[in-house]
1. Would you pick out the residues in region 370-412 that are of a type in the set (Gly, Ala, Ser) and without any contact (Cβ under 8 Å) to a residue 24 or more places away in the chain?
2. For region 370-400, enumerate the residues that are over 26 Å from residue 474 (Cβ atoms) and either under 13 Å from the mean Cα position of the chain (by Cα) or small (Gly, Ala, Ser) (or both).
3. Got a sec? Which helices (runs of 4 or more DSSP H) wholly within region 96-181 have at least 3 residues that are over 19 Å from residue 401 (Cα atoms), at pLDDT below 85 and among the aliphatic types (A, V, I, L, M)?
4. Residue 81 passes all but one of (1) part of a helix (DSSP H, G or I); (2) surrounded by fewer than 22 Cβ atoms within 10 Å (Cβ to Cβ); (3) without any contact (Cβ under 8 Å) to a residue 24 or more places away in the chain; which number fails?
5. Pick from region 237-256 the residues that are exposed (fewer than 14 other Cβ atoms within 10 Å of the Cβ) and of a type in the set (Val, Ile, Thr): which of them is nearest to the chain's Cα centre (by Cα)?
6. I need the full set of residues from region 109-139 which are surrounded by fewer than 23 Cβ atoms within 10 Å (Cβ to Cβ) and β-branched (Val, Ile, Thr), in order please.
7. For region 62-91, which residues satisfy the criterion of being among the small types (Gly, Ala, Ser) and closer than 20 Å to residue 401 by Cα?
Amino acid sequence: MAVAEQTEFETSGRVALLATSVLVVFLLAMTITIANVSLPQIQGSLSATRDQVAWVVTSYLVANAVGLPATGWLTDRFGSRRLIVWGTIGFSCATLGCALAPNLEFLVLMRASQGLFGAPLTPLTMALVLAAYPRRQHGVVTSVFGIGVTIGPIIAPWLGGILAEDYGWRSVFYFALPFACLGCLAVLMVIPHDRPQKQRRLDLRGFVFFSIAIACFQLMVDRGERNDWFDSAEIVLECLAGIACLYLFVVHSLTWRQPYIDLRILVNRDLVVGLILVLAFGMLSYSPLVLLPNLLQNLRGYPEDTIGVLLAIRGLGMTLGFVVLLWGSRYDPRIWLTLGFLAQVFAGWKMASFDINVTYFQIAWTGFISGLGIGFVWVPLMVITLGAVSPVHLPLVSSLFHLLRLFGSSVHISMSVALALRTTKISFAEIAERLQPGRPALWGLEGAAPSVQQVLPLLHEIGRQAQMIGYLNAFMFFSLTALVAMPLILAVRPPRP
């Protein structure tokens with residue numbers, strides 16, 4: 001009888017831990033995506049350009065990627081419970097700071113603070129859940145955990161769009177605060193107590209080298225288009241500094257006893273293949289969520305609530321993918337990886353065939369297919385990467401998983417925005433060149449050159465068409481990224497039981 005009661009207690013404790021972890025990752029995922037639907041409004045309210053307002057998303061991702069590898073040292077130093085509790089509280093305070101931001105610089109700073117405080121939450125909660133459940137249940141548990149990641153992208157854009165339309169962009173951050181407070185209470189009540197080990201020292205040199213390298217590469221791809229790439233001394237310096245710090249980081253990590261990121265674990269061939277696929281998967285996760293709101297509002301005139309519903313449909317596809325994997329995780333993960341990446345190739349290709357009069361239905365079903373592909377890929381990648389190492393390395397590998405996923409997202413977003421801006425300029429010049437005032441027939445006129453009143457509407461339409469071409473090229477880049485990554489699936493070996 002006592003054994004049965006103990007087993008029931010352990011089961012209820014596992015369920016409570018899983019539910020709390022799902023709530024935490026739901027909060028993180030919601031806060032990432034809730035700002036996307038308001039990007040056009042933030043851009044206008046804070047007088048930002050398209051590449052500047054993208055920092056509202058990329059600053060979070062970069063800070064998260066820099067902070068993730070410190071999870072192991074912070075856990076040893078402070079303990080997982082204390083780290084999760086203070087990370088959740090700090091994340092909640094940063095969310096309030098986003099709502100109160102007086103300018104773009106402060107908003108970007110608070111988004112970066114969200115990324116730093118939230119960095120250890122996902123890998124730590126995931127490691128606790130996987131340690132609490134037997135290995136044979138990891139596929140199902142990972143799917144349930146992933147549903148928390150996808151519920152956020154469904155609810156956040158939909159309600160965020162309604163709130164932004166009626167009350168302004170600040171309301172989307174106020175909306176996240178009750179969930180943040182609930183998350184703080186849940187982790188205080190459920191996360192088990194543990195003792196800090198205090199055995200490891202922070203590898204300060206590795207941390208500095210890694211942080212500078214990540215920041216330099218991100219600045220290079222973000223500011224490259226504005227500064228004309230390598231014709232600018234700033235971009236050249238950022239590239240050289242990034243390469244030098246990356247080299248120093250690799251050499252230092254391979255020769256130091258307790259490095260910031262233990263690169264020696266990469267001798268595992270299966271892990272390396274899985275992590276490269278994780279990087280590609282990250283590149284496909286958020287780029288459409290940044291491109292579509294600006295396209296729909298600036299070129300189609302859709303209100304924020306309608307844009308939010310369209311982004312939520314993508315999240316609905318992600319949720320369906322996770323639900324399917326609750327049943328399908330027993331099968332070869334390579335099947336789901338292939339289906340997931342094929343869905344991204346197809347969705348990106350169809351989005352690249354949109355025209356200036358793209359319809360609500362076209363956006364909805366392509367977004368749904370793209371989300372479905374994300375859901376198909378997430379669980380197999382987790383099973384492959386975490387199944388390639390022993391349980392003692394789970395926290396490190398979980399940190400690497402999310403680091404590469406987020407860094408891939410931030411870089412791909414910046415590259416997509418830069419590609420859209422560059423090809424917009426080129427297309428505008430090419431179209432305008434063919435409509436010279438000295439050739440009135442091309443303007444639909446019989447004789448004289450067009451007047452100013454006739455030219456301005458046509459130039460506006462040329463600008464709209466050029467912007468659309470830029471977005472289409474970015475969507476094609478999205479599709480090609482998924483296509484290039486697919487051959488790596490052939491190198492995947494399913495984890496041994």
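1. 390
2. Of everything in region 370-400, those that are over 26 Å from residue 474 (Cβ atoms) and either under 13 Å from the mean Cα position of the chain (by Cα) or small (Gly, Ala, Ser) (or both) turn out to be 387, 388, 390, 398, 399.
3. 138-167
4. (3)
5. 243
6. Listed by number, the list holds a single entry, 129.
7. Passing the criteria: 63, 65, 67, 70, 72, 80, 87.
The values are calculated or read from the model by the stated rules, or taken from the named source; none is laboratory data. For clarity, every value in this text was computed on a predicted model and none was experimentally measured. Methodologically, a virtual Cβ is constructed for each residue, glycine included, from the backbone with ideal geometry; neighbour enumeration extends over all protein chains shown.
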